[in-house]
Amino acid sequence: MKKRFFIYFSYKGTAYHGWQIQPNGISVQEVLTKALCTILRTELELTGAGRTDTGVHAKLMVAHFDLSVELLTEFDLVEKLNSFLPNDIAVFKIVEVQADAHARFDAVSRRYEYHIVTRKNVFVNELASRSFNPLDFEAMNKAASILKEYRDFTSFSKLHTDVKTNNCLITHAEWTQTNDEWIFTIQADRFLRNMVRAIVGTLFEVGRHKMSIEDFRTVIESKNRCKAGTSVSAHGLYLVNIEYPKEIFKIDIQV
């Protein structure tokens, strides 16, 4: 009988063409799947909680897999995987879940961060974007708070995607400062492709006083991607958390 497991892990996305397996580039899914298959000596498939684009990082990502053979103890498997995997992928935990649990469809919320620095910092070139212009973060936070009033975010979605709806429930959107770094944190039940990077790019327009807060509202209501700002670069973006209902787990867990 097969058992289903959730695997929790992180990765620095610089060297990868995103999470999902690609025909012409190395992906996190490919590397992690190969490691699991090699160590467990069986074929299996990993289904991720979502997809991240080329260069995007994950402080916490989740995927599920089914296994029909007896699994090694969690501690042993996690340690073996981390010894086998490259330095830019790290596994935290593997837990058994209900047989029909799904890493993507059962997620109730996801949280992203976008990191920027306002002056040159050679130690974060691949981990944060640099803003070369002064930004009004107070105005950007006022605009960000408007996001929670809306559901349809077509204006911030990549065009011609195969989703059935562009509706999302945003529960948190805020800029905060940590030393020389500014971090935009946004949480929602789901995200559209390119959504966070498009929102941040549009907030930059507000921060540079090229767009008013009311203009930002108009962009959302237009449901037109062409009205929004340019998407910011991928390397400042992090998936930082995914939440699931407790009942899908065989035991209570903390990650």
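The values are calculated or read from the model by the stated rules, or taken from the named source; none is laboratory data. Quick caveat: nothing in here was measured; it's all calculated off a predicted structure. Please note: Cβ atoms are built from the backbone with ideal geometry, for glycine as well, and neighbour counts cover all protein chains shown.
Considering only the stretch 121-136, I want to know if a residue exists there that is within 26 Å of Asn194 (Cα to Cα), of a type in the set (Phe, Trp, Tyr) and either in contact with a strand residue (DSSP E or B) (Cβ under 9 Å, 6 or more places away or on another chain) or in a loop (DSSP other than H, G, I, E, B) (or both).
yes
Restrict the check to the stretch 39-52 and report whether at least one residue is modelled with pLDDT under 95 and of a type in the set (Gly, Ala, Ser).
yes
Cβ-Cβ under 6 Å, sequence separation 6+ or interchain: first residue in the stretch 188-215 and assigned by TED's automatic domain parsing to the domain that holds Asp136 and more than 15 Å from Ala143 (Cβ to Cβ), partner β-branched (Val, Ile, Thr) and at pLDDT 95 or above. Which pairs?
Listed pairs, sorted by first residue: Ala188/Ile170; Arg197/Val232.
Do any residues in the stretch 237-255 that are at pLDDT below 95 have Cβ atoms under 9 Å from those of residues that are of a type in the set (Ser, Thr, Tyr) and surrounded by 13 or more Cβ atoms within 10 Å (Cβ to Cβ), where the two are at least six apart or on different chains, and which pairs are they?
Ile253/Tyr8; Val255/Tyr8
Just to be sure, is Val91 in a helix (DSSP H, G or I), crowded, with 19+ Cβ neighbours inside 10 Å and not aromatic (Phe, Trp, Tyr)?
No; evaluated as a whole, the condition is false for this residue.
Go through (1) polar (S, T, N, Q); (2) under 17 Å from the mean Cα position of the chain (by Cα); (3) surrounded by 16 or more Cβ atoms within 10 Å (Cβ to Cβ); (4) modelled with pLDDT of 95 or more and name the single condition Asn194 misses.
Only one criterion is unmet by Asn194, namely (4).
Kindly indicate whether Ala107 is aliphatic (A, V, I, L, M) and either touching a strand residue (DSSP E or B) at 6+ places or on another chain (Cβ under 7 Å) or assigned to a strand (DSSP E or B) (or both).
yes
Of the residues Thr52, Thr118, which is surrounded by 18 or more Cβ atoms within 10 Å (Cβ to Cβ), closer than 30 Å to Ala228 by Cβ and among the polar types (S, T, N, Q)?
Thr52
Of all the residues that make up the stretch 128-145, how many are surrounded by fewer than 15 Cβ atoms within 10 Å (Cβ to Cβ) and not basic (Lys, Arg)?
Matching residues across the stretch 128-145 total 6.
Give just the number: which of (1) loosely packed, with under 14 Cβ neighbours inside 10 Å; (2) of a type in the set (A, V, I, L, M, F, W, C); (3) touching a helix residue (DSSP H, G or I) at 6+ places or on another chain (Cβ under 9 Å); (4) part of a loop (DSSP other than H, G, I, E, B) does Cys226 not satisfy?
The one condition Cys226 does not meet is (4).
For the stretch 146-184, give me each residue that is closer than 21 Å to Val124 by Cα and either out of contact with any His (no Cβ under 7 Å at 6 or more places or on another chain) or surrounded by 18 or more Cβ atoms within 10 Å (Cβ to Cβ) (or both).
Across the stretch 146-184, the qualifying residues are Trp175, Thr176, Gln177, Thr178, Asn179, Asp180, Trp182, Phe184.
Tell me, yes or no, whether the stretch 26-36 has at least one residue that is within 25 Å of Ala128 (Cα to Cα) and among the polar types (S, T, N, Q).
yes
Within the stretch 147-157, can one find any residue that is part of a loop (DSSP other than H, G, I, E, B), within 30 Å of Ala63 (Cα to Cα) and more than 19 Å from the chain's Cα centre (by Cα)?
For the stretch 147-157, residues part of a loop (DSSP other than H, G, I, E, B), within 30 Å of Ala63 (Cα to Cα) and more than 19 Å from the chain's Cα centre (by Cα): present.
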